[in-house]
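What follows is a single structure, written as structure tokens, with notes after it.
The values are calculated or read from the model by the stated rules, or taken from the named source; none is laboratory data. Since we're looking at a predicted model, the values are computed, not measured. All Cβ positions, even for glycine, are placed from backbone atoms using ideal geometry, and neighbour counts span all protein chains on display.
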Amino acid sequence: MQLTPEEAFASAMARLLPAQPSPPMPPLGLAVSGGGDSMALTWIAHRWAQARGVALHIATVDHGLRPEAAAEAADVASFAARLGLSHDTLRWRGWDGRGNLQDAARRARRRLLAAWAGERGLAAILIAHTADDQAETFLLRLARGSGVDGLSAMREARQEAGLLWLRPLLGVRREALREVLSRQGIRWAEDPSNTDPRYDRVRMRQALPAFGALGLTVERLADTAARLGEARDALAAQAALAARALLRVEAGDVLADLAGLAAEPVEIRARLLSAALCWVSSAEYRPRRAALDRLSSDLAKGRGGTLHGCLVTERHGVARIGREPRAVLGLRCPAPGIWDSRWRVFGPDCDDLEIGALGPNGLSQRPRWRESGLPRRTLLAQPALWQGQTLIAVPVLDSGSAWRAELREGADVFHSSLIPH
């Protein structure tokens, strides 16, 4: 028998949240736009939380992109007040007209919600993605030629930056949530962009009935995505084992045994290279598969190259994946601080020092750099302390210096990043 949305939600929450002894569970957050899916999530979560003594907090992100957004946030606030729940409107005004608007808005939304969760002391944030979202995403990525990872189901739970994000409605159809709202007399907002055929997702949504008539129902597509998710996790686990044997970290670079790498299946090899490139560059998104395949082919021929903000070289059967010096030469920040999103540089209190790449100018002021045993290309991208154009300290070279540099995420974090979470 098919579960009701309320039953599906309760089942998912029991599965996703660890059992809580006393004291009671920390509060949970709901990301609510005012649309049908998130309003249904609010109602269902409220009933569930009431029965369990769990506190809920609601946030709405106003991206400042539509004139209706402020009124929609106010409607959500009114609904939250009816339920006796707190509500915060998080405003984003950071769009400068450049790049991909949807991607920029998504990143901003995630940052704002994560900061809000920290302020509220939330255990997790719940998002109202549904089985329809799962099917639409699968079709979109299929059309783009995605591989196993791209076609895999969205995870019900993911940990990011110390925060748990939950999708407890992934097994529920959108129409079932609308029925819940209609029975309760709860109104919701309709975003005009959700029916705008200029967007790929909207066209996929409109095509779903035709696919369903051919047997490619939302449920079937979501189930296929879930099976691919299991394959993704198995491949990731195998890649994590291979990484322990074939990859090591030195001075922020990743060193790879090329003979061992070549012996791995193509999919595992691509995952290892991708993980190394993302870790070194602190990039959120992975390189395209075609670029990874070209790099793998070049390394097999003894050639390196640049990719994803990294410089990749080969010597004596070992590939060194390091930060591309050109990517960081102009990067400066006050000292002490976090440099290039990956180095924590600390030392005496000071007002006029900056952290920047060592670069050719700095390296020329350390004539005995070869004694470090590190390649020149690695040292060029290392953090150094500068006072204007005067080099003050190079933590990796100056053993007696009061300044230190350490990776925010060391080798253990790199290896654990390959394990499915």
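For segment 173-191, what are the residues that are in contact (Cβ under 8 Å) with a residue 60 or more places away in the chain and either surrounded by 15 or more Cβ atoms within 10 Å (Cβ to Cβ) or farther than 14 Å from MET39 by Cβ (or both)?
Residues satisfying the conditions are ARG174, ALA176, LEU177, ARG178, VAL180, LEU181, ILE186, TRP188, ALA189, ASP191.
Which pairs have Cβ atoms under 6 Å, sit 6 or more apart or on different chains, and link a residue in segment 359-385 that is part of a helix (DSSP H, G or I) to one that is of a type in the set (D, E, K, R)?
That search, which allows pairs on different chains as well, returns THR378/ASP253.
For a quick check of your reading of the model, give me the residue pairs whose first member lies in segment 392-419 and is on the phi > 0 side of the Ramachandran plot, whose second is at pLDDT below 85 and of a type in the set (A, V, I, L, M), with beta-carbon atoms closer than 7 Å and at least 6 apart or on different chains.
none
Enumerate the strands (runs of 3 or more DSSP E) found wholly within segment 243-311, keeping only those where 2 or more residues are in contact (Cβ under 8 Å) with a residue 24 or more places away in the chain. Step through it out loud before you land on a result.
On the way: elements: 247-250, 253-257, 305-307.
Ranges flagged: 247-250, 253-257.
Specify the residue that is surrounded by the most Cβ atoms within 10 Å (Cβ to Cβ); the eligible residues are those in segment 261-281 that are touching a strand residue (DSSP E or B) at 6+ places or on another chain (Cβ under 9 Å) and small (Gly, Ala, Ser).
Residue satisfying both the conditions and the ranking: ALA276.
Any residue that is of a type in the set (Gly, Ala, Ser) and surrounded by fewer than 17 Cβ atoms within 10 Å (Cβ to Cβ) - is there at least one of those in segment 122-142?
Checking segment 122-142: not a single residue is of a type in the set (Gly, Ala, Ser) and surrounded by fewer than 17 Cβ atoms within 10 Å (Cβ to Cβ).
Give segment 373-401 a look and list any residue that's among the aliphatic types (A, V, I, L, M) and either more than 35 Å from the chain's Cα centre (by Cα) or under 11 Å from GLY322 (Cα atoms) (or both), or say none.
LEU379, LEU380, ALA381, LEU391, ILE392
Taking ALA225 as meeting all but one of (1) under 26 Å from the mean Cα position of the chain (by Cα); (2) surrounded by 15 or more Cβ atoms within 10 Å (Cβ to Cβ); (3) small (Gly, Ala, Ser); (4) over 21 Å from ARG144 (Cα atoms), write down the number of the exception.
(4)
Being over 19 Å from ALA123 (Cβ atoms), among the hydrophobic types (A, V, I, L, M, F, W, C) and either in contact with a strand residue (DSSP E or B) (Cβ under 8 Å, 6 or more places away or on another chain) or surrounded by fewer than 16 Cβ atoms within 10 Å (Cβ to Cβ) (or both) narrows it down to one of ALA14, ALA8, ALA69, so name that one. Outline the logic, then answer.
Numbers: ALA14 fails: over 19 Å from ALA123 (Cβ atoms); ALA8 fails: either in contact with a strand residue (DSSP E or B) (Cβ under 8 Å, 6 or more places away or on another chain) or surrounded by fewer than 16 Cβ atoms within 10 Å (Cβ to Cβ) (or both).
That would be ALA69, the only listed residue that is over 19 Å from ALA123 (Cβ atoms), among the hydrophobic types (A, V, I, L, M, F, W, C) and either in contact with a strand residue (DSSP E or B) (Cβ under 8 Å, 6 or more places away or on another chain) or surrounded by fewer than 16 Cβ atoms within 10 Å (Cβ to Cβ) (or both).
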